[in-house]
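Working notes, structure below.
Any read-out appearing in this document is the output of simple, stated calculations on the displayed coordinates, not a laboratory observation. Remember, it's a predicted structure, so these values are computed and weren't measured experimentally. Heads up, the Cβs are rebuilt from the backbone with ideal geometry, glycines too, and the neighbour counts pull from every protein chain shown.
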Amino acid sequence: MLDNKTVLKQQTRRLAQWVGAMGMCGWLVACTGPTARPGVEVKAQDIDFLPDSLEVQPFSANQRNYGAKLTALVKTGIANEKYLKVVEHGGQTILSGTLTIGRVNTNSHCKPYEIEDKDGKKVTKYTCYYRKQFTSQATYSLSKGGKVIAGNNFTDNYDSEWHGETAAEARTKAISDENILTNSLNTLARQIVSAVSPHQETWSFPLATGVAWQFWKRHPSLKLGIQYYKSRRYDQAEKYWNQAIKQAVEPQDKAAAHYNIGVLRVHEGKYANAFRLFKKADELDPGNYLYMRALTKAEEAGWNQKIITAMGARKSSTRPPVQRRHAGTQKYRLTVNATPRESKIRILGIKPKYRPGIALKPGKFTIEVTHPGYHKKIKPVIIKNADLLVDIELRRK
């Protein structure tokens, strides 16, 4: 194994050869062509336990044919991702699971209030409410050679309320039970597909090389780590990158070593650890596009907020807790409870796309909710020093 002095001698000799070659190129005026930034793609196929083919067995269910519907949705979703081959029989791994469908519970009540008519007389009127609640749960397991290698369970809770001047009017605004069940199955299927077939963009992180333009100052352990990484000898790669963290003088080299070890953690499915290492790299070398891009990807994937299993499955909370502050940050969660439930929700004026429980700094925001057949609604909100839950109900056209 080469020590640091030997590596430095080799780099010095190669530098002299490179300078000579560049001088010859200048004399011949013949050295052209773009220079590519070195990078290594960490693809899903590099993960030891990611299968090449998958057999999806029928999900068992407690009601009617909903198990078959969920199975079909999962098969279609994984096939559309195009990272795993779905086969009918003889797959390298087997996906199986159960589905539990609850009852759609309804509740209605009316509240009286008084107003004055044009003659000044008090008139009693009513606002009637109609509420539907529903819960479904899916559990999946991924087996290889008779041994379970991954698994998780997902719960989808539905809770919406409609109102009108009469109980009948409120009831007519409600979504049908069949639509609620269909939407719930789609939600559970998306969660299972995301867990079993992670999107390739999530796994694509080019390695960092340290001080790019002053390559003669670059710590040799960084380059050795990259060489071992390319040879898929990840333990040795991490060893040399840890050396760079301890011995490197330039903060850019320390940042690159932290980031590269974070890429290894992505390999291992340790996403929260990867996020912390990416954040450390950004602190050591602020403004580096590579680290900012990695942090953005990690935050969009929820690595800083959720516990993720080895296959990327997230232990989801269907309704983010209110009045809970993020530990160690100044951001708070915003959740919009829109009716109809399938409404499109946007936060105007910011780049991040809305998702339930999105973390935002205190300030003023404008929420836009739209749905075909309903009037668009725009509502300003203020996040102060606590999580915020906003209820928005659209009116039919």
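Odds and ends about this structure:
- Taking packing as the residue-averaged number of other Cβ atoms within 10 angstrom, the listed peptides 274-287, 183-196, 95-108 run from highest to lowest as 183-196, 274-287, 95-108.
- Fraction of alpha-carbon pairs over 18 Å apart in segment 332-393 - percent: 27
- Exceeding the 21 Å Cα-Cα cut-off - candidates Lys223/Lys254; Lys111/Lys132; Lys331/Lys364; Lys125/Lys379; Lys118/Lys377; Lys331/Lys351: Lys125/Lys379; Lys118/Lys377
- The residues packed around Tyr126, meaning those with a beta-carbon under 9 Å from its beta-carbon, carry a net charge of +1 if Lys and Arg are +1 and Asp and Glu are -1.
- Cα centroid separation, segment 116-189 to segment 332-375 (Å): 18
- Members of Lys230/Lys297; Lys246/Lys279; Lys75/Lys353 lying beyond 20 Å, as alpha-carbon distances in this model show: Lys230/Lys297; Lys75/Lys353
- Segment 87-183: GluC sites (Glu not before Pro) in DSSP coil with no more than 10 other Cβ atoms inside 10 Å: Glu88
- Scattering curve values for segment 54-208, log₁₀ I(q)/I(0), Debye with Cα scatterers, q = 0.10, 0.17, 0.18 Å⁻¹: -0.52, -0.97, -1.03
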